[in-house]
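The values are calculated or read from the model by the stated rules, or taken from the named source; none is laboratory data. Remember, predicted model here, so these are calculated numbers, not experimental data. Here Cβ is always computed from backbone atoms with ideal geometry, including for glycine, and neighbour counts include all displayed protein chains. Accessible surface areas use protein heavy atoms only, side chains included; no ligands, DNA or RNA. Shrake-Rupley method; radii C 1.70, N 1.55, O 1.52, S 1.80 Å.
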Amino acid sequence: MAARTLTMVKALNESLRKAMEDDPKVLVMGEDVGRLGGVFRVTDGLQKDFGEDRVTDTPLAESGIVGTAIGLALRGYRPVAEIQFDGFVFPAANQIITQLAKMHARSLGKVRLPVVVRMPYGGGIGAIEHHSESPEAYFAHTAGLRVVTPSNAADAYWMLQQSIRSADPVIFLEPKRRYWERADVDVDEMPLPLHQARVARAGTDLTLLAYGPMVRLCLDAAEAAREDGRDLEVVDLRSISPIDFDTIQASVRKTRRLVVVHEAPVFLGPGSEIAARITERCFYHLESPVLRVGGYHSPYPSSRLEEEYLPTIDRVLDTVDRAFAF
Amino acid sequence: MTANGTAAREGTEPALVRLLSPEGTRVPHDEYSIDLTPEQLRGLYRDMVLTRRFDGEAVSLQRQGEMGLWVSALGQEAAQIGSGRAARDTDYIFPSYREHGVAWCRGVDPLTLMGMFRGVNHGGWDPNTNNFHLYTIVIGPVTLHATGYAMGVAKDGADMAVLSYFGDGGSSQGDVSEALNFAAVNNAPIVFICQNNGWAISTPIEKQTRVPIYQRAAGFGFPGVRVDGNDVLAMMAVTRAALEHARGGNGPFLIEALTYRMAPHATSDDPTRYRFAEEEAEWRLKDPIARLRAYLVNEAWADDAYLAAIEAEADALAKRVRDGLRSMPDPEPTAFFDHVYAEQHPLVDEERAEFTRYLAGFEEGH
């Protein structure tokens, strides 16, 4: 089958459909995922085709969603649980952190929990409070979870397939501001391994490292930097736990400068860990410290201020200038 | 309901389901009955005596430094053995963390439980071996796991039910309410057993809830019954009926077993700071084992020789767990890396290699 141009929402929808066709144990559950098809329509039409037994509207209780998904996994199912928005995941945080992440270790490997917890995350859509957050660091900090995020429709399709097949629990973060962007999706193409980073744009002068919603922004920033005569490389991290440090290291040893960009707050965000490890791995190759661009140490602001709070092309380029000033 | 919340305790309407009085005489009940052979009754007695014995031995071993902590089930033997023996082998049980008697019924070795409290692992047994899930230390979440499992049982159309244990303290957790609701909405084949032992560490039931816990079931849309949790016959009869109700496709059921935590919450606890010895003495008169023993002796189904033989078996069990625990080896120093993930994870591999290298440095130094 040739590649087709799909939105990320459609790619996710087709990925879920494929997983459910391939494996009768795959279930979709969450708030409003059935008749409505999810508030972003990611599960559109699935209940109609697979029935209420496999695509289930749950009561409005996130801990209940993840907790019963764990129980279904114990029974041999592969639940894909949807949390409606990033900021609503916290009632389920206890289930995710104390149970989902730890049961494999608690059982000395006898219990596997192949549960995928999907959620839209990130800002930039003019939403009210709790609808624009980037909680990835909380989950990546927890051993036992895998945390991944696609930046485009093709990755969304394949990474969701891989996450559902994973024997470990996966937190699957969907960059909601990119839901409606289109990309070519080849459903027959052999994808990258789930946790491998990808060089999204080759360059020689500095590496911009981003994931999810910020990859597009960094590609645009790299285009803009070309006008300044700088050739920036863009690496799409794709996986936040584990992190593919080898790909980052190879890029940084080449470009000698690294700027990490994410929407999540900079303080103790993924960029902090990346800066520490890349400094250790590439100390003698670096021409400047690893710099970070991200959200501030404030609650996510009201939408009239989110453009100030979120990384922009200008903020990225300003940080690139700082890196070259060392 | 009374203003001071005493409705959460015994003595209010309706009466407890009770089939055996504290004095050891049979009591008729309109709805629930049980007919066991003397052999079966002796089996329940043996289960309770052996559970109490290894549980008490565990307390001693903790005092001797062999375990970091132990949570005693003293006084709750009837609630646990009665319900545990009511389940079929094919039913699936989700304990909280004090269900040593239920574990015993499922054939989980006491040493397996004790290893966890010794600190050699966080549980480590395979739940599918005995259809007995791991202990869950965080209070509440496991009731949702049990509910999800039961939802899966319903999808599979399997002829089985799930038993989910929690306590009076746990009843305050949001997860327990979510579990009761998810179970009801999905008509899941699950029986919830709340062992109301009166105390959540130092917090009495009056500070936990103002209504009897069994009444919550009505609010979620399924039956709830309050049982004398120190009456092994009532516990077995009601749990059997509840499991049949669940297996029959009739949805969930809630049993509130009124019992009493005779021991401290855990070996690190000191109940003299928050409750009176009189209360403990009062509950000692309702002891679940003494009650069944009186019944067996009165009916001439157990003589001195039989009782002595059970004591001897208990002594042997105590010796076995004592020897077994003392000789239980520590895990390898890198064992905590072994099962973080089911599939390969480069960070874990890297840290394991780093730590192994560090440890090897000491060996080279000698």
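Here are a few things to note about the model shown:
- Criterion: in a helix (DSSP H, G or I) and under 20 Å from the mean Cα position of the chain (by Cα) - qualifying residue of A:92, A:69, A:73: A:92
- Any hit, the stretch A:122-133, residues being open to solvent by less than 10 Å² (accessible area, probe 1.4 Å), touching a residue at least 12 places away in the same chain (Cβ under 8 Å) and of a type in the set (Val, Ile, Thr): no
- Considering residues of the stretch A:159-174 that are in a helix (DSSP H, G or I), under 13 Å from the mean Cα position of the chain (by Cα) and away from every other protein chain (no Cβ under 13 Å) only, the residue surrounded by the fewest Cβ atoms within 10 Å (Cβ to Cβ): A:159
- Among the residues making up the stretch B:324-348, those that are assigned to a helix (DSSP H, G or I) and either open to solvent by 70 Å² or more (accessible area, probe 1.4 Å) or facing chain A (nearest Cβ under 9 Å) (or both) are B:326, B:335, B:336, B:346, B:347, B:348.
- Residue count for the stretch A:249-275 satisfying the condition of being within 14 Å of another protein chain (Cβ to nearest Cβ) and within 28 Å of residue A:307 (Cα to Cα): 3.
- First in the stretch B:52-73 and hydroxyl-bearing (Ser, Thr, Tyr), second anywhere and at pLDDT below 95, Cβ under 6 Å, 6 or more apart: B:72/B:263
- For the residues B:147, B:209, the requirement of being touching a helix residue (DSSP H, G or I) at 6+ places or on another chain (Cβ under 6 Å) and farther than 20 Å from residue B:93 by Cβ singles out B:209.
- For beta carbons closer than 6 Å, sequence separation of 6+ or different chains, a first residue in the stretch A:139-164 that is within 16 Å of residue A:122 (Cα to Cα) and a second that is open to solvent by 10 Å² or more (accessible area, probe 1.4 Å) and assigned to a helix (DSSP H, G or I), the qualifying pairs are A:147/A:140.
- Taken together, the residues in the stretch A:75-94 that are open to solvent by 30 Å² or more (accessible area, probe 1.4 Å) and more than 10 Å from chain B (Cβ to nearest Cβ) amount to 3.
- Answer residue from the stretch B:25-65, given it is polar (S, T, N, Q) and assigned to a loop (DSSP other than H, G, I, E, B) and is farthest from residue B:323 (Cα to Cα) among those: B:33
- Residue in the stretch B:199-208 that is within 14 Å of another protein chain (Cβ to nearest Cβ) and polar (S, T, N, Q) present: no
- Residue selected from the stretch B:290-323 under the condition farther than 13 Å from residue B:110 by Cα and among the charged types (D, E, K, R), by the criterion most open to solvent (accessible area, probe 1.4 Å): B:304
- Residue satisfying all of: in the stretch B:151-169; more than 7 Å from chain A (Cβ to nearest Cβ) and surrounded by 24 or more Cβ atoms within 10 Å (Cβ to Cβ); farthest from the chain's Cα centre (by Cα) among these: B:161
- Criterion: touching a residue at least 24 places away in the same chain (Cβ under 8 Å) and surrounded by 21 or more Cβ atoms within 10 Å (Cβ to Cβ) - qualifying residue of A:30, A:45: A:30
- Scoring residue A:52 on the criteria (1) within 13 Å of chain B (Cβ to nearest Cβ); (2) closer than 23 Å to residue A:167 by Cβ leaves a single failure, condition (2).
- The single residue among B:57, B:39 that is open to solvent by 20 Å² or more (accessible area, probe 1.4 Å), away from every other protein chain (no Cβ under 14 Å), touching a helix residue (DSSP H, G or I) at 6+ places or on another chain (Cβ under 7 Å) and over 27 Å from residue B:175 (Cα atoms) turns out to be B:57.
- Per-region count, the stretch A:245-303, residues hydroxyl-bearing (Ser, Thr, Tyr) and assigned to a loop (DSSP other than H, G, I, E, B): 6
- The stretch B:131-149 - residue that is more than 15 Å from the chain's Cα centre (by Cα) and more than 15 Å from residue B:168 (Cα to Cα) and, of those, surrounded by the fewest Cβ atoms within 10 Å (Cβ to Cβ): B:149
- Residue in the stretch A:48-57 that is farthest from residue A:175 (Cα to Cα), counting only those that are in a loop (DSSP other than H, G, I, E, B) and open to solvent by less than 70 Å² (accessible area, probe 1.4 Å): A:51
- Test: residue in the stretch B:148-162 that is among the β-branched types (Val, Ile, Thr) and farther than 24 Å from residue A:94 by Cα: yes
- Just one of the listed residues (A:39, A:9) is outside any helix (DSSP H, G or I) and within 19 Å of the chain's Cα centre (by Cα), and it is A:39.
- With respect to the conditions (1) open to solvent by less than 40 Å² (accessible area, probe 1.4 Å); (2) within 14 Å of another protein chain (Cβ to nearest Cβ); (3) more than 13 Å from the chain's Cα centre (by Cα), residue A:218 falls short on a single one, namely (2).
- Hey, residue B:244 over 17 Å from the mean Cα position of the chain (by Cα), in the same structural domain as residue B:86 (by TED's automatic domain parsing), under 19 Å from residue B:84 (Cβ atoms) and open to solvent by 40 Å² or more (accessible area, probe 1.4 Å) or not: yes
- Yes/no for residue B:126 being without any contact (Cβ under 8 Å) to a residue 40 or more places away in the chain, of a type outside the set (S, T, N, Q) and out of contact with any helix residue (DSSP H, G or I) (no Cβ under 6 Å at 6 or more places or on another chain): yes
- Members of the stretch A:95-142 found to be within 19 Å of residue B:123 (Cβ to Cβ), in contact with a His (Cβ under 9 Å, 6 or more places away or on another chain), assigned to a loop (DSSP other than H, G, I, E, B) and among the aliphatic types (A, V, I, L, M), listed by number: A:108, A:111, A:113
- One residue stands out among those in the stretch A:175-203 that are in a strand (DSSP E or B) and of a type in the set (A, V, I, L, M): the one that is least open to solvent (accessible area, probe 1.4 Å), which is A:185.
- Residues of the stretch A:107-121 satisfying the condition of being in contact with a Gly (Cβ under 8 Å, 6 or more places away or on another chain) and open to solvent by 30 Å² or more (accessible area, probe 1.4 Å): A:108, A:110
- Within the stretch B:123-143, the set of residues being under 18 Å from residue A:112 (Cβ atoms) and within 9 Å of chain A (Cβ to nearest Cβ) comprises B:123, B:124, B:125, B:126, B:127, B:128, B:129, B:133, B:134, B:136, B:141, B:142.
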